[in-house]
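S.K.: Got a structure for you, questions after.
Read-outs throughout are calculated quantities, based only on the coordinates presented, and are distinct from any laboratory measurement. Just so you know, these numbers come straight off a predicted model, no measurement behind them. When we count neighbours, we look across all protein chains shown, and the Cβ atoms used for this are built from the backbone with ideal geometry, even at glycine.
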Protein chains: 2
Amino acid sequence: MGPMNPAAATTPDLSTGPSSPVQEAWALLRNLLFIERRRFLSAAAEYDLHPAQAGALMQLERDEGLPMHEIASLLACDSSNVTGIVDRLEARGLVTRRVSERDRRVKQIVPTELGLEVRDALRARMAQVPEGLGLLSAGDQRLLRDLLARALAASA
Amino acid sequence: MGPMNPAAATTPDLSTGPSSPVQEAWALLRNLLFIERRRFLSAAAEYDLHPAQAGALMQLERDEGLPMHEIASLLACDSSNVTGIVDRLEARGLVTRRVSERDRRVKQIVPTELGLEVRDALRARMAQVPEGLGLLSAGDQRLLRDLLARALAASA
DNA sequence: TATTGTTATACTCTATAACTATA
DNA sequence: TATAGTTATAGAGTATAACAATA
C-alpha cells in the first residue's frame, strides 16, 4: 500500500460531488473521458490491437522515426515494455525498426504503409465527435472551442 | 488483423488536423484526456493499485454493494477478470464479498473503511481541476460548465 | 559515467471456454 | 434455459533488475 493521504480521511463528503462551476465543468468532462476510453478500447479491438499497441501506432508519423524511449514516455510505461510492443507491431508488418544515424544506440520506429492505414483508421475513429458536442448550436461549438483553446493555452 | 476501413485509405490528410470548430474543440478535449490518463495511472500507482483495481474501487459506494457483473460492465472487461481483481482488493482488505439476499447467484462487492479511505484519496486526486481550466476567468468557467451540461444533456 | 534497448523474472490483466450454482 | 461467478488456459502488458552496446 502506498502512503495514505491524511487530508482525504478528514475531508468529508468527497463523494457528494463538486460545488464550484469549474469543478462541475471538470466532472462533466470526466464523464466524457470515461465514455471516450471505451471507444478507444473498441477501436483498438476492432483492429486486433491491444490498447498499448494502438496507442503506440497512433503516435507515429509518416517518414519520421520515433525512438523507443520516446514511445515509452508517451505511453507512460517502462522502456522494457516497448521492446515487446514493437516486436508485435513489427511481426504484423505495421512498423519497422531503423537504427538512428546520429546515435547508434537509438532505434527509430517507422510505420509501414499498412501501419499508416491502420493508424489513420484508428485516428479517424477517435476524431469522431461525441454525439452531445455535435448537437450543440454552431455558436456554442465555436464558444466551446475558444474556451478550451484559451484554457490549454494558459496551461502551456 | 481486423477489417480495414476503406474510407480511411482514401481520405487524405487525416493527420493534418481538424477543420470545423466542433472538431477543433474535440481535439482539444482529447489532449486533456491524454493528460488525465497519466494522472490516473500515477494516482493508482501511488496506492499500489493496478489501473483496473483502482477503477473498480473508485466505483464503489458506502453501504452499497455493487454486483461483480456490473463492475465488469463498468470496466468494459469480461466477468472472469473481475474475480481476480476483486480477489486482490479483498486480500488487501479494501473490499468484501457479500452474497445478495435477493439473488444468491450475485455477489455484492462492498468497500471496507480502509477501502473507502483509498477510494476517497483516488477520487480527490482525479477531482483536481487541470491547471488550464483553473486559470479561466470565473465567467468563462461558468460558461464552460453550462456548455458541457447542455452537450451532455442533449446526448442523454 | 550515463543512456538506449534488450533480456529475464514475476505479477497482473485480458478474452475464451467450460464449469457450478442459482434463477 | 439463462445468468452470476469461478476456474483453467494462453497471450499480452507491466515494473524491476541486470546486461551489452554506445555515447
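S.K.: Tell me, what HN-Hα J-couplings in whole Hz come from the Karplus equation 6.51 cos²θ - 1.76 cosθ + 1.60 at θ = phi - 60° for each residue of segment A:42-53, using x for Gly and Pro?
M.R.: Once rounded to whole Hz, the list reads 6, 5, 4, 4, 4, 9, 6, 10, 6, x, 5, 5.
S.K.: So what is the calculated 222 nm ellipticity per residue for chain A, using -39500 (n - 2.57) for each DSSP H run with n of 4 or more, over all residues, to the nearest 500 deg cm²/dmol?
M.R.: -19500 deg cm²/dmol
S.K.: From the phi of every residue in segment A:96-107, what ³J(HN,Hα) in whole Hz does the Karplus formula 6.51 cos²θ - 1.76 cosθ + 1.60 yield, where θ is phi - 60° and glycine or proline is x?
M.R.: With coefficients 6.51, -1.76 and 1.60, one gets 9, 8, 9, 5, 5, 6, 6, 9, 6, 6, 7, 10 Hz.
S.K.: Now for a different question. Starting at the first residue of segment B:80-86, write each ³J(HN,Hα) from the Karplus equation 6.51 cos²θ - 1.76 cosθ + 1.60 with θ = phi - 60°, in whole Hz, x for Gly and Pro.
M.R.: 4, 6, 5, 3, x, 5, 5
S.K.: Shifting gears a bit: Please give the helix A:113-127 orientation as an angle from the longest Cα principal axis of chain A, in degrees from 0 to 90, rounded to the nearest 10.
M.R.: Between helix and principal axis, roughly 0 degrees.
S.K.: Other chains near B:31-42: what is the mean number of their Cβ atoms within 10 Å of each residue's Cβ?
M.R.: Average neighbour count from other chains, rounded to a whole number: 4.
S.K.: Arranged by the count of other C-beta atoms within 10 angstrom, fewest first, what order do A:96, A:83 take?
M.R.: Ascending Cβ contact count within 10 Å gives the list A:83, A:96.
S.K.: Next question. For a quick check: with amide H placed at 1.01 Å from N, whose amide H comes under 5 Å from residue B:96's, ignoring anything fewer than 5 positions away on the same chain?
M.R.: B:110, B:112
S.K.: Most mobile of A:137, A:73, A:100 per a Gaussian network model of chain A (Cα springs, under 10 Å)?
M.R.: A:137
S.K.: Going through segment A:43-125, which GluC sites (Glu not before Pro) have at most 14 other Cβ atoms within 10 Å and a DSSP loop state?
M.R.: When the GluC sites (Glu not before Pro) of segment A:43-125 are filtered for loop state and at most 14 Cβ neighbours within 10 Å, A:101 remain.
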